[in-house]
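The structure appears right after this line, and notes come after that.
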Amino acid sequence: MLLTLPWFQPEPIRIPLGGLGVEALPAHLELHPFGMLVAMGVLVGVTVARRKAIADGLHPGALGELAGYMLISAFVLGHVLDAVFYHWEVVVERPLFLLELWNGLSSFGGFVGAFVGSMAWVAMRGYSFVAFADPIAFSFPFGWLFGRLGCTVAHDHPGKVTDFFLAIEDYRIRGGFPPWQTRHDLGLYEVFWCLAMIPLFLWLGRRRRKRGFYLTILPLLYAPVRFGLDFLRATDVPQADPRLVAGVLTPGHLGAILLFSAGLFMAWRLLTRPEPVVPPDARLDPAGGDRAVDPDALAELLARAERGEGPRRVEPSEAWTTEASPRVTRWPGGLAVVDLRARALDDGDEEALAEAMLEAPTRLRVWLVGPDAETEDVAPLWAMRLGEAPGRDALVVVGAPRPERAIPAPPGVSIWVIEDPADPPWAAVALPDGAVAVGMRTPPTASS
């Protein structure tokens, strides 16, 4: 049973078009197995990446946009770099060969193209490359399986002559002549790699991993295998891969070294850096989670947010404005801002306010009052603190109060005095794990 594998090469599917009566159309449309399998690989890869992104709380629309940038750039640069490194003599003779995107692809050229496309997307959108590329890295073995099956049926990666039991008998070299010999098929060997990686990734995906995990392990698991396989490439066939270093190393070897180095860099980043921040508009749940946050870590995050680096400030939206009381604006993460500056509460306003405060869990209540606030203006604060809505309170006086007037506040409530309403002392910050932390970003003016 451990004999070499027989030669196989499916024929293209021919779809007759002559009966359509359109002279410009060819007589037949040929669907080649290689192209169909590559298209299937793209479809499967995008589908798996989308499901993984949803499971990780990422918006599938943003991921689909990134995938589009990566695929287009991968196909373009995959051909261009294949032409430059493997068929330079053809480029010199016929420069337009660089534009024949259907005429040869390099896998590492595709990797470079995918990276270039993703960087263009990151520059345009400002989203994290690591966060969104991670689901794509997870999906890679699923899509790559079909791509390498296409290479296997096309037999476009011939290896050296061998008697290995998984080699292909009578390997018919394109442009060569019989008698044919038994050779390694490098595309087939990468199919076996995919079949080993898919169950591994499915097993790893049963629990949540830090963003960037699959972007780290993928190059570390693929590059050494690809580096070893390139030693099996045929050297006695037409248009054999060039040996760029010491007559031994191919462009694939150099690409594997760069890919493995990128994996090591990602491993260092994964171990030493916090998870990348995913802005609310790129998440499935704009409100994030309600998770416990270390106070010291939160203080540092808030400080970094004010310096314009690290996690992003989260702003309120119309969807978070409470209909029951227009005075209450809810922010993601459990922050409620209650504006009592306009006037004292009319009859019924207090009840509407209480109802609005109880609509959703509140972790921090910020009460805005004017510099001439009277006791009746902040009476709801007393009521709400002693009522059914537990949470921390912050009283913010907008405008400098007169020295002779004391701002009333319940015991234990800190007071902030600000003159510029456009620079509030509170913040809601998107944390690296997708949750939203809320807090006051400046020290209080006084505490009662």
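Remarks
- Percent accessible area from carbon and sulfur atoms, segment 113-175, protein chains only, probe 1.4 Å: 63 percent
- Per residue value of the accessible surface for segment 90-177 (all protein chains in place, 1.4 Å probe), Å²: 47 Å²
The values are calculated or read from the model by the stated rules, or taken from the named source; none is laboratory data. From a predicted model like this one, the values you see are computed outputs, not experimental measurements. For accessibility, only protein heavy atoms count, side chains too; no ligands or nucleic acids. Shrake-Rupley method; radii C 1.70, N 1.55, O 1.52, S 1.80 Å.
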